[in-house]
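Notes follow once the structure below has been shown.
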Number of protein chains: 2
Amino acid sequence: MTDITYPTTNAGPGEDASAVATPAPAAVDDAREGVRGIALAAKQASRALATATRATKDAALHAMADALVAEAARIIDANGADLARGRENGMKESLLDRLALDEGRIAGIADALRELAALPDPVGEIVRGSTLPNGLRLRQVRVPMGVVGMIYEARPNVTVDAAGLALKSGNAVVLRGGSAAASSNEVIVAVLGEALVRQGLPRELVQSIDAYGRAGAVELMRARGLVDVLVPRGGADLIRTVVTESLVPVIETGVGNCHVFVDASADVAQAVPIVLNSKTQRTGVCNAAETLLVHRDVAPTFLPAVLEELRRRDVTIHGDDAVAANVPEGLRFEQATETDWETEYLSLDLAVRVVDSLDEALEHIRRYSSGHTEVICTRDTRSVQRFTTELDSAAIIVNASSRFTDGGQFGLGAEIGISTQKLHARGPMGLAELTTTTWIVEGDGQIRE
Amino acid sequence: MTDITYPTTNAGPGEDASAVATPAPAAVDDAREGVRGIALAAKQASRALATATRATKDAALHAMADALVAEAARIIDANGADLARGRENGMKESLLDRLALDEGRIAGIADALRELAALPDPVGEIVRGSTLPNGLRLRQVRVPMGVVGMIYEARPNVTVDAAGLALKSGNAVVLRGGSAAASSNEVIVAVLGEALVRQGLPRELVQSIDAYGRAGAVELMRARGLVDVLVPRGGADLIRTVVTESLVPVIETGVGNCHVFVDASADVAQAVPIVLNSKTQRTGVCNAAETLLVHRDVAPTFLPAVLEELRRRDVTIHGDDAVAANVPEGLRFEQATETDWETEYLSLDLAVRVVDSLDEALEHIRRYSSGHTEVICTRDTRSVQRFTTELDSAAIIVNASSRFTDGGQFGLGAEIGISTQKLHARGPMGLAELTTTTWIVEGDGQIRE
């Protein structure tokens, strides 16, 4: 999967978080009726998809991809309007870049739909099954959720991505994108809908509630019973709001305050590249490292080596006193505060602390981690054992980069996001996480004694 | 599993729902501090259990069982106080019976803990794993949630049941029982805690927040981040309140408006016992049938046969006009209204409707079902195909009783409840549903290119 297709769900600081902000009271009634109508239509449409064959769904994905390419000019026009509005409103260059579409990017987005078509269908998989002593034939079968809601920010590629993931997993999708991408999304949803209709599928499989503004997002979060699961994709603020406000079950994704701990027994020559890769290979992503913990016994050899390399890569260090003593000429250094241990920088910043023991490292991680990914560099089997069993995070990595916590890297195919919650899905999520299961029991007159 | 040990989670009508009612404002501050303290202590204690071996956990379960039996007199004393208070407050006989403990019932409750000890440990199970192309060794391992919250009603057996299920799955538990069983629960929690301490485990693995009253229940529902999952066990009102109010992720259990559809091609001699068993084998349970739908083509032979048998079993029929025409002498019959289609009677009442087609049956079930269990009696393969794929319920049963939707019947061992939600668990839930997973990745210096 290419990065443009399945970006990690964590946006950079300053990302547009308007998708879920408080609505004006006047708009609420309209929004309630509108969103509930859309969700009901989605539920109805989802029935057509629940029993659709894989061939039907894959054909629809290809048709959607072809339509995006064929209608690229129309999409780029609408995107131009969003960009112009963004510039007027003083949107930052980095955000304008996330928002911008051109023919190349649209081709990439379309290719991602074709890649989805090539993946196995999660629906219909028999998770487990047996014949019971009384002859009942029991099987647990993977089925679509029904209606998936997505609330996301100003990246129009997510509109297509979400529609494709939902369709492949047999679900209808109700989309709420950031207002900054409203024109682009409107055209994209229309183009995808036209493609579905040409395939004999209901247009209501892919719908947007952007017309209802912020009040619409609130209604989507309240549509329990109509919307089966809500997936927020975006920055920490957006995710926090959705998790707190939603009555619809949420799959929480993305916040990653990830740690690398370099143990006393670490191989320094191996640990330095792991730290560099975890921090600098890509910074604006949830599986990048944000805090480095160094065992006091290895600090004298490890710290000078890693700090020199971090300096070369323009990383700013937020360190404690023991780190300060090792700062090389030209390294940007700030004294670390409590805030640094808590911060997901998503930038070329790294908090660094020297600890006296594995216990102190575990305690630090337990206290400050967001439960995403923790790395240990060690050659000590007991440290491996304790680190892998005593922490409470979605992924624990031994002697490798934190950047491997990724659906593509794990071989799961398409990635919906990286879950930091414990229910339903934890860590990188594939298509199967957009499904649920039904127990099917077949008998021949069995009754309970 | 005996019924006293793992009752279905759906209480009868009139069950005490005080566990989650609105608290007095004055009590809220105290409760916040108290409940958060208890949840933090539970989180701390859960760490001891997360790395405990199965042998340690099973020994603790046996010790808890032995302690309950040894302290039966103390428990029965406290239970007597609850019963006396209940009688003073005019509690119904059926509720008093649910509340009452004697030596026999305590022995049964203790035996259930021993049965739990005999079950396999879900923790440590490798769900999937592989070696990635770059040599990283990847495995997804089942781990405890951490802290499980349980909110339930006036059945002291659930206190023990919840403590045992949580312990076996490696979790600490925070309990909020109904006020009607407060004295019994206080002593039971104390006895279980003493047994844990004697085994070298922290008492804080099993704690009650009953002392904080209704305000405590509210705080438990707000303890996101401290409590990992909340399992409400009780009547529909309690479950609805918890689902709506809780910021902690909830596993929703129990409401069962279950249907039996007798298709045109049904074997009448087989369908009659299936209906009787589904309705009358046990009435106060979530997997009992509440509505019978009969295809018009089979009604002339099927309806007289089934109504006569239902009359013999004192079932009251709430039927439409086509049913009314077939009512035998002595059958209690009421004209069905919209309310009947919506009602989970949990009693010897059955709504009956004649439908013109499979489509009409599917439409009825989609509209009124709570998504628990639906049964079809048919000999038509196309009806089986459509019924098993076009409905949206946790269990679909072909030619057998609805009463089979049960963890024990499905061979899952202990049953936590029957989930009617789609996230995390659907249908009968075993111990594995009280766990989550961690991805463990082991490498030798791998970094991402």
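The values are calculated or read from the model by the stated rules, or taken from the named source; none is laboratory data. Because the structure is a prediction, the values reported are computed rather than measured. Positions of Cβ are generated from backbone atoms using ideal geometry, with glycine treated the same way; all protein chains shown enter the neighbour counts. SASA here: full protein model, heavy atoms, side chains in, ligands and nucleic acids out. Shrake-Rupley method; radii C 1.70, N 1.55, O 1.52, S 1.80 Å.
Just a few scattered comments:
- Of the candidates B:V306, B:V398, the single residue that is over 30 Å from A:A48 (Cα atoms), at pLDDT 95 or above and not charged (D, E, K, R) is B:V306.
- Residues in region A:33-59 that are touching a strand residue (DSSP E or B) at 6+ places or on another chain (Cβ under 9 Å), open to solvent by 20 Å² or more (accessible area, probe 1.4 Å) and either more than 14 Å from every other protein chain (Cβ to nearest Cβ) or aromatic (F, W, Y) (or both): A:I38, A:A41.
- The set of residues from region B:82-105 being within 18 Å of B:V160 (Cβ to Cβ), surrounded by 15 or more Cβ atoms within 10 Å (Cβ to Cβ) and of a type in the set (G, A, S) comprises just one member, B:A100.
- Taken together, the criteria exclude B:Y212 from residues that are of a type in the set (S, T, Y) and surrounded by 24 or more Cβ atoms within 10 Å (Cβ to Cβ).
- Taking region A:265-288 as the range and being in contact with a Gly (Cβ under 9 Å, 6 or more places away or on another chain) and not in a loop (DSSP other than H, G, I, E, B) as the test, the residues that pass are A:A269, A:Q270, A:A271, A:P273, A:I274.
- Tallying residues that are open to solvent by less than 20 Å² (accessible area, probe 1.4 Å) and facing chain B (nearest Cβ under 7 Å) within region A:422-436 yields 4.
- Candidates in region A:194-206 are the residues that are closer than 13 Å to A:L175 by Cα and in a helix (DSSP H, G or I); of these, the one that is farthest from the chain's Cα centre (by Cα) is A:E204.
- Among the residues listed as A:V242, A:V306, the single one being away from chain B (no Cβ under 11 Å), part of a helix (DSSP H, G or I) and within 20 Å of A:L434 (Cα to Cα): A:V242
- Where helices (runs of 4 or more DSSP H) fall wholly inside region B:317-411, the ranges with 1 or more residues that are under 23 Å from the mean Cα position of the chain (by Cα), crowded, with 18+ Cβ neighbours inside 10 Å and within 14 Å of chain A (Cβ to nearest Cβ) are B:358-368.
- Close pairs from region B:373-393: first more than 21 Å from B:V255 (Cβ to Cβ), partner open to solvent by 10 Å² or more (accessible area, probe 1.4 Å) and modelled with pLDDT under 95, Cβ under 6 Å, at least 6 apart: B:T389/A:T51
- Selection from region A:412-421 of residues that are more than 7 Å from chain B (Cβ to nearest Cβ), in a loop (DSSP other than H, G, I, E, B) and not acidic (D, E): A:L412, A:G413, A:A414, A:I416, A:T420
- When B:V285, B:V275, B:V248, B:V229 are screened for being in contact with a Ser or Thr (Cβ under 6 Å, 6 or more places away or on another chain), open to solvent by less than 10 Å² (accessible area, probe 1.4 Å) and within 11 Å of chain A (Cβ to nearest Cβ), only B:V285 passes.
- Among (1) over 28 Å from B:G254 (Cα atoms); (2) at pLDDT below 95 - the single one B:L346 does not satisfy: (1)
- Among the residues listed as B:D392, B:D356, the single one being under 30 Å from A:T435 (Cβ atoms) and of a type in the set (D, E): B:D392
- Filter pass, B:T301 being modelled with pLDDT of 95 or more and away from chain A (no Cβ under 12 Å): yes
- For region A:217-224, the count of residues that are open to solvent by 30 Å² or more (accessible area, probe 1.4 Å), over 30 Å from B:G445 (Cβ atoms) and of a type in the set (A, V, I, L, M, F, W, C) is zero.
- With respect to the conditions (1) in contact with an Asp or Glu (Cβ under 7 Å, 6 or more places away or on another chain); (2) over 27 Å from A:E308 (Cα atoms), A:R353 falls short on a single one, namely (2).
- Residue in region B:230-237 that is among the basic types (K, R) and touching a strand residue (DSSP E or B) at 6+ places or on another chain (Cβ under 9 Å) present: yes
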